[in-house]
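Take a look at the structure set out below.
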Amino acid sequence: MSDPIDPAVAEDVRRPSYGQRRRDRIDALAQAGAVDDTPGVSLIRGAWLRLRRNPVFLTGAAITVCFVVLAIIAPWIAPWDVTARPLLDEVRPQTNPVPGPQPGHPLGGDDRGRDLLSRLIVGSRQTLIVGVFATLFGLIGGVILGTIAGAIGGAVDSLVMRIVDVMLSIPSLLLAFTVASLARSPSQWTLIVSIAIIQIPIFARLLRGSMLAQRSSDHVLAARSLGVKKRAIVFRHMLPNSIGPVIVQATLSLAVAIIDAAALSFLGLGNPDQRQPEWGQMLGLAQRYISEAPHLAFYPAGCIIVVALGFTLMGESLREALDPKTRR
Amino acid sequence: MLRFVLRRLLQMCVVVLVLSMLLFAWLRSLPGGPVSAILGERQTPERRAALEAALGLDEPLPVQYQKFLQRVLQGEFGVSTKVLPGTDALDVFLTRLPATIELAVLALLLAVVIGIPLGYFAARRAGSAVDTTTVIFSLIGVAVPVFFTAFLLKYFFAVEWNLLPVSGRQSTGIDATRVTGLFVLDGILTREWDAAWDALKHLILPALALATIPFAVIFRITRASVLDVLDEDYVRTAEAKGLSTGVIRSRHVLRNAMLPVLTTIGLQAGGLLAGAVLTETVFSYRGVGEALATSFREKDYAVLQVLILAAAVIYVVINLLVDIAYAVIDPRIRTR
């Protein structure tokens, strides 16, 4: 059998179920953390050497850095207050529901006379907060579960992994909708929690896989034979060495989290408070004015796409750089 | 083979049982609890007390779960409060189902017809400009939310150029006879060609938007699988013994590369349903997805119960069928 081009896809060839497919993709990434015994440049250094010249990675990183900086300084560079309604006088529900571009308002206003550009700029904050916190909580939950499963093994491992596999087999967006519907009063935390929950099994399986790869490695064996305590082996030897693929997955998860969050707010399951702008919510509200003012949807959608693309490009090239098959 | 199918059926029953427990737990933790879920807006203190007694909410949890299972098996989910007020929740699902089947089938068809040839040619010219372009486009495709694709299609084809209808399943002026609930098929069966054509026009845009989800997967898998097969020894052997390119491509490459593609097609059900929730909402297309979106937003818990359980069961059944189909094609799977 020749080397498959994409290990994740090639796995599909043999095992068909959807959950299995997601599981295999995660496992392929987990393998990337396995120790390379050949002397030479370290894994991270080698990856960096390849990444430095990779235009895909550089593009993704540039987009990401711009977006994060924008989100941090947003309130200071936004020309107008996001709750102020300077264009209210121009809104005519019948003839001109959405004020167009004019001096001082390069993109015009929204249907309530608020400055569109300012809302787009400040909206980056909500998107970043939801994306980062959802991924962070998913990561923390997954790391806890994955460490328990990977470190203890045996029956605990089987139990944890069964739960994780059931969660992976449910279509993730539907699971997020269902979790979000449990919220008594929806807010941005509804989005964060429901997206974090669908991320947990991904991180858990990934970390467990890469910890298993560590468990049989020489340095863990050496530590064990020296009589190092189990806890120290897990936290000081196995965990730090298996966290690499998890970081890569977190980058990819950020893109998915941003898109899923947009889908949830688009359906009205997110923050009902419209004073604080959020791209997904702006896109949902723009549906009403599809014939009069499609640009109301184009701008927030464009922002979502560019940011999600940034994280995807960065994550995919990181994954490729860490993949043992592409190391030369 | 029979043993394999039986084992899979048994596994499926366990999964459905676990899912029903999850659904039960979910219903119990809904804001307001199961009584509010069933009564919805029509609740008064008297009705609440009566229903609580009738449901036996004072009884231990296992007993409650057993009663919940009984109601589910008898199809008693309560009455819809928001999606179709006053209608039995199960009927809401059944009336909406054909619309989504029609949409999903057309979307899948489009994805297959475009995705497979494109994936094949991208693989044949791997590394070329054509290949790079398509791969870059598929990366961008991952970043574009499906509801925005739907919005774009709606804006250009329906609003701006006025080529196709903006929303719904059928124009109001058309008096069509209903047979199966699949509007296009109905029109063909009753020879009401205008009705069939009208229904198809309403389907095109939502189906195109929805097709982007399975398309991305089908394209990627076809490309990877063809690349894989092109590298195989038997292809080299075929070339070495002087077979014509046409024969090698059709018999050796394409036929072997199609196996994984065929099986992934069956696995798009979950993604299609999640996508249908979003596309149907954009096009006000009255299918299961739109009902799901409405009941999530408006908290129509009776309908939600049915839809979630139905989605889970359909999903599990499709997975089972795919597994069986695969075992038929590839005997190695059976012994696993």
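The values are calculated or read from the model by the stated rules, or taken from the named source; none is laboratory data. The shown structure was predicted, so the numbers you read here are calculated from the model rather than taken from an experiment. Note: ideal-geometry Cβ built from the backbone for every residue, glycine included; neighbour counts use all protein chains shown. Quick note on the areas: whole protein, heavy atoms, side chains included, nothing else; ligands and nucleic acids left out. Shrake-Rupley method; radii C 1.70, N 1.55, O 1.52, S 1.80 Å.
Compared with the direct C-alpha span, the chain from B:VAL313 to B:GLN11 gains 107.4 nm at full extension, assuming 0.36 nm per residue. Our coupling estimate for the range A:116-125, obtained by passing each phi through the Karplus curve with A = 6.51, B = -1.76, C = 1.60 and θ = phi - 60°, is 5, 4, 4, 5, 5, 5, 5, x, 4, 4 Hz, Gly and Pro reported as x. For the range B:99-141, the Cα gyration tensor yields ellipsoid semi-axes of 27, 11, 4 Å (square root of five times each eigenvalue, largest first, whole Å).
Label 7 Å along Cα→Cβ of B:SER284; the range A:289-316 residues with amide nitrogen under 14 Å? Taking a point 7 Å out along Cα→Cβ of B:SER284, the residues of the range A:289-316 whose backbone N falls under 14 Å are A:289-291.
With Rh defined as the Kirkwood radius, the inverse of the mean 1/r over Cα pairs, the Rg/Rh of the range B:89-335 is 1.03.
Other residues whose C-beta falls under 9 angstrom from the C-beta of A:MET161 contribute a net charge of +1, scoring Lys and Arg +1 and Asp and Glu -1. Add +1 for every Lys or Arg and -1 for every Asp or Glu among the other residues with Cβ under 12 Å from the Cβ of B:THR245, and state the total. The answer is +2. Report the label-to-label distance for A:ASN54 and B:PHE156 in nanometres (one decimal), using points 7 Å from each Cα along the Cα→Cβ vector. Placing both labels 7 Å along Cα→Cβ, they lie 3.1 nm apart.
Converting the Cα gyration tensor eigenvalues of the range A:247-328 into ellipsoid dimensions via √(5λ) gives semi-axes, longest first, of 33, 13, 8 Å.
Axis angle, to the nearest 10 degrees, between helix B:255-266 and the longest C-alpha principal axis of chain B: 10 degrees. Normalised radius of gyration (Cα atoms, divided by 2.2 N^0.38 Å) for the protein assembly as shown: 1.01. Count Lys and Arg as plus one, Asp and Glu as minus one, and take only other residues whose Cβ is under 14 Å from that of A:LEU117; the net charge is then -1.
Using a probe of 1.4 angstrom and keeping all protein chains present, the accessible surface of chain B works out to 48 square angstrom per residue. Taking the C-alpha atoms only, the angle from helix B:89-124 to the longest principal axis of chain B is near 20 degrees. Rounded to the nearest whole Hz, the Karplus-based 3J(HN,Hα) values (6.51 cos²θ - 1.76 cosθ + 1.60, θ = phi - 60°) of the range A:269-276 follow the sequence 9, x, 5, x, 6, 8, 5, 8, with x at glycine and proline. So, in Å, what gap is there between the alpha-carbon centers of the range B:236-260 and the range B:134-158? That distance is 35 Å. With respect to chain B, whose longest principal axis is taken over its alpha-carbon atoms, helix B:269-282 is tilted by about 70°. Applying the Karplus relation 6.51 cos²θ - 1.76 cosθ + 1.60 with θ = phi - 60° to the range B:284-296 yields 3J(HN,Hα) values of 6, 8, 7, x, 5, x, 5, 4, 5, 4, 4, 6, 5 Hz, where x marks Gly and Pro.
In the context of the full protein assembly, B:PHE219 retains an accessible surface of approximately 10 Å², using a probe radius of 1.4 Å and ignoring ligands and nucleic acids. Computed packing ranks the peptides A:173-183, A:227-237 as A:173-183, A:227-237, most packed first, by mean other Cβ atoms within 10 Å. A straight chain from A:TRP76 to A:HIS295 at 0.36 nm per residue would run longer than the Cα-Cα distance by 76.4 nm. Of the peptides B:69-76, A:45-52, A:116-123, A:189-196, the order by per-residue mean of other Cβ atoms within 10 Å, starting with the highest, comes out as A:189-196, A:116-123, A:45-52, B:69-76.
For the pair A:ARG45 and A:LYS230, the difference between a 0.36 nm per residue extended length and the Cα-Cα distance amounts to 63.7 nm. With R₀ fixed at 41 Å, the C-beta to C-beta distance from B:ARG297 to B:ALA325 puts the FRET efficiency at about 0.65.
A cut-off of 5 Å between modelled amide H atoms, ignoring neighbours fewer than 5 places along the same chain, links B:ARG169 with B:ARG286.
Under 5 Å between amide hydrogens, built in the peptide plane, is the criterion, and for B:PHE77 it picks out B:ALA89, B:LEU90 among residues at least 5 positions away or on other chains.
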